[in-house]
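Peer 1: Next up is a structure, given as structure tokens.
The values are calculated or read from the model by the stated rules, or taken from the named source; none is laboratory data. None of these values were measured; they are calculated from a predicted model. Cβ sites come from the backbone with ideal geometry, for glycine too, and all protein chains shown count toward neighbours. Each accessible area value is taken on the protein alone, full model and side chains, heavy atoms only, with ligands, DNA and RNA left out. Shrake-Rupley method; radii C 1.70, N 1.55, O 1.52, S 1.80 Å.
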Amino acid sequence: MEAPLDPGSLLALSSAYWKACALHAGAMLDVFTPLGRAPSDAAGLATILGCDARALAMLLNALAAMGLLVKSGDQYDLTPASRELLSRDSPRSVAHVVRHNHRIMATWARLPEAVRTGGPLGDHMTDHGDPAAREDFLLAMYGIASAIAPRLAAMIDMAGRQRLLDVGGGPGTYAAHFCLANPGMTATVYDLPGSREFAAGVTARLGVADRVDFAPGNYLRDPLPGGYDVAWLSQILHAEDPDGCRTIIAKAMAALNSGGRIYVHEFMLDDSLDGPEFAALFSLNMLLGTPRGQAYAEGAIREMLAQAGARQVARLDFTGPSGSRVVWGEKP
């Protein structure tokens, strides 16, 4: 992507965070949910939310100027898109993703420091000590995966494959949808113990609780269970350095039966490393929040799979909403 060269474009890019911060404030204060139930003026909404009415009116006007609210007289209401995507009452809400992005903004403001020192500036990825932040992180993972998993489960042929291992599967979204698409399949979600309860809720809600179990553990330090036909690794390699990635892939390969397949889903860079844009920016996010994590080039992931003994390594004909890709291989 060619960078904007005129002053106006550069200054608009420089102040783009103003819009992000206004959206984040709306999500953190949850202005969208009550407005989705009934239109309101700023004073009435301020009473509901416990905010200063004057300041809230400024925020609501900004959100309306951004096209996220509709203003009629002194009354504010949601647009159809905001009602669907930002109200907590909507099953398609992505407000938890917005809140997660807000929680990591303070670290992003220190990016020059991270580049000077090599980072990171703290574990901003999961915030295990803050229950609300942890919930937003898990809900964000669940929401993003829910938008992708049904499509992937429908396009990947898993005929005859009976057992799937979802390595670092968190909420278990992919494991559940692969089971839904393949009636004879069972799955194991392998992740830290803190994800068990959330994963149990997801699999129960999707009606596959009897077919998806949970195995607690750390995929870097602990052995993985074995005897699987498929290993699914979605968005976990970017948190590790190359040695960590090779360790995880080797363990996943060891967990497979002969003829089993390993799938790696990631925000992959082109081999030139200067695109796609989201993957390049996401790599900076890993710099800020992990000791040695980064986005990896597709070619690097292919090489890791081949080094672990995978054959017929190939890229799936799939591109996710933020440009994610899937590379897979087969165990001899």
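Peer 1: Take the Cβ-Cβ distance between M155 and D52 as r, set R0 to 30 Å, and report the resulting FRET efficiency rounded to the nearest 0.05. Before the final figure, lay out each step's value.
Peer 2: Values: r = 50 Å, r/R0 = 1.67.
Once rounded, the FRET efficiency stands at 0.05.
Peer 1: While we're on this one: Accessible area per residue for the chain in Å², computed with a 1.4 Å probe and the full protein assembly in place, what is it?
Peer 2: Values: 15710 Å² over 332 residues.
With the other protein chains kept in place, the chain gives 47 Å² per residue.
Peer 1: Ok, one more. Could I have the simple spin-label model distance between E303 and D270, label points 7 Å from Cα toward Cβ, reported in nm to one decimal?
Peer 2: 1.9 nm
Peer 1: So, one more: About its Cα centre, how strong a charge dipole does the chain have in debye, to the nearest 20, once Lys and Arg get +1 and Asp and Glu get -1 at the Cβ?
Peer 2: Numbers: 28 positive and 35 negative charges, 103 e Å.
So the magnitude is around 500 debye.
Peer 1: Cα to Cα, under 15 Å, and not fewer than 8 places away if on the same chain: which aspartates and glutamates meet these conditions relative to K71?
Peer 2: Straight-line reach from K71, under 15 Å: D41.
Peer 1: Using +1 at the Cβ of each Lys and Arg and -1 at the Cβ of each Asp and Glu in the chain, identify which of P131, G260, A279 lies farthest towards the dipole's positive end.
Peer 2: G260
Peer 1: Mind checking which of P91, G50, I104 is farthest towards the positive end of the chain's charge dipole, using Cβ charges of +1 (Lys, Arg) and -1 (Asp, Glu) about the Cα centre?
Peer 2: The residue sitting farthest along the positive end of the dipole is P91.
Peer 1: Relative to the Cα centre, what is the charge dipole magnitude of the range 144-201, using +1 at the beta carbon of each Lys and Arg, -1 at the beta carbon of each Asp and Glu, and rounding to the nearest 20 debye? Each step should come with its number before you reach the end.
Peer 2: On the way: 4 positive and 4 negative charges, 22 e Å.
Taking the Cα centre of the range 144-201 as origin, the dipole is about 100 debye.
Peer 1: Once you place label points 7 Å from the Cα toward the Cβ at S15 and N218, how far apart are they in nm?
Peer 2: Once both label points are built, they end up 4.7 nm from each other.
Peer 1: Which of the peptides 209-218, 170-179, 319-328 is most tightly packed, and how do the rest follow, judged by the mean count of other Cβ atoms within 10 Å per residue? Can you show the working numbers first?
Peer 2: Values: 209-218: 16.4, 170-179: 26.8, 319-328: 17.9.
For the peptides 209-218, 170-179, 319-328, the packing ranking is 170-179, 319-328, 209-218.
Peer 1: Under a Cβ-only charge scheme (Lys and Arg +1, Asp and Glu -1), can you give me the dipole magnitude of the range 1-155 about the Cα centre, in debye to the nearest 20?
Peer 2: Details: 13 positive and 15 negative charges, 34 e Å.
It works out to roughly 160 debye.
Peer 1: While we're looking at this one, here's another question. Please report the spacing between the Cα centers of the range 22-49 and the range 233-290 in Å, no decimals.
Peer 2: Result: 39 Å between the Cα centres.
Peer 1: Next question. Given the rule -39500 (n - 2.57) for each run of at least 4 DSSP H residues, summed and divided by the residues of the chain, what is its mean residue ellipticity at 222 nm, to the nearest 500 deg cm²/dmol? Mind showing how you got there, number by number?
Peer 2: On the way: 15 runs with 155 residues, N = 332.
Mean residue ellipticity, 222 nm, calculated: -14000 deg cm²/dmol.
Peer 1: Among the lysines, which have Cα under 29 Å from the Cα of K331 when same-chain residues fewer than 8 positions away are ignored?
Peer 2: Reachable lysines: K251.
Peer 1: Moving to a separate point now. Counting other Cβ atoms within 10 Å, which chymotrypsin sites (Phe, Trp or Tyr not before Pro) in the range 1-106 have at most 15 and lie in a DSSP loop?
Peer 2: Details: sites: Y17, W18, F32, Y76; in loops: none.
Answer in residue order: no site qualifies.
Peer 1: Another one. Which residue, chosen from G119, G170, P223, occupies the Cα position most advanced towards the positive end of the dipole of the chain, where the dipole is computed from +1 (Lys, Arg) and -1 (Asp, Glu) charges on Cβ about the Cα centre?
Peer 2: P223
Peer 1: Would you check the accessible area of Y190, probe 1.4 Å, heavy atoms only, in square angstrom rounded to 10?
Peer 2: Accessible area of Y190: about 10 Å².
Peer 1: While we're here: Counting DSSP beta bridges with both partners in the chain, what percentage is antiparallel, nearest 5? Write out the running numbers ahead of the final one.
Peer 2: On the way: 14 of 35 bridges.
Expressed as a percentage, antiparallel bridges in the chain total about 40.
Peer 1: Separate question: What part of the accessible area of the chain, given as a whole %, is carbon or sulfur when the probe is 1.4 angstrom? Mind showing how you got there, number by number?
Peer 2: On the way: 8950 of 15710 Å².
Here carbon and sulfur together make up 57 percent of the probe-accessible area.
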